[in-house]
Amino acid sequence: MSSLRVLILENQSVVALDLASILEARGCDPVIVCETAELAERSIDIAVPDAGVLDIGLAERDASLAIATRLAGNACPVLLLADDMALPEHLSGAQGGVILSRNLSAILAFSARSIC
C-alpha cells in the first residue's frame, strides 16, 4: 500500500502537531501542516492531497470552506474540525466524504477508515 498525502489546515500548532503525529504513526506520508488557508491553497496548487483535515473555525472560515469544497471536488476525503458549526449544505453530499467533528475519537476513526 502506498503512502497517502494528507493536508492539515489548523492554526493551533499543538493541535496540528498532534494530528500530524497521529497520521504519520498510521503511515501517512507526507503530512503537510498549514497554519493559514493561503498556505493550504499553495500546497494544493503544488500537489493535491489524498485527504484533508481542515479547521473551519479559523478567522478565514470562508477560505477554509473553499478549500474543503476544492478537495471534495477531487473526491478527496475531508474531515472538518469545528467547535460549534453545522456542515455547510453544499458539502454534505460530497463524493470524497466530508465529516464535521469536534472530537479526537472521530478524527481517529476517520483516519483509520478513510485516510490511512
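Every number here is computed from the coordinates shown, using simple stated rules; none is lab data. Since the model is a prediction, treat every value here as computed from it, not as a measurement. Neighbour counts are summed over all protein chains in view; Cβ atoms, including those assigned to glycine, are modelled from backbone coordinates with ideal geometry.
Indicate the gyration tensor shape class of the range 8-68 (rounded, prolate or oblate), computed on the Cα atoms with a ≥ b ≥ c the square roots of the eigenvalues: a/c under 1.5 is rounded; otherwise a/b larger than b/c is prolate and the rest oblate.
Oblate, because a/c is 1.5 or more while a/b does not exceed b/c.
Net charge around VAL48, counting only other residues with Cβ within less than 11 Å of its Cβ (Lys, Arg = +1; Asp, Glu = -1)?
Numbers: positive: ARG5, ARG70; negative: ASP45, ASP50.
Local net charge: 0.
For ILE8, list long-range residues whose amide hydrogen, built 1.01 Å from N in the peptide plane, is under 5 Å from its own amide hydrogen.
ILE32, VAL33, CYS34, VAL53
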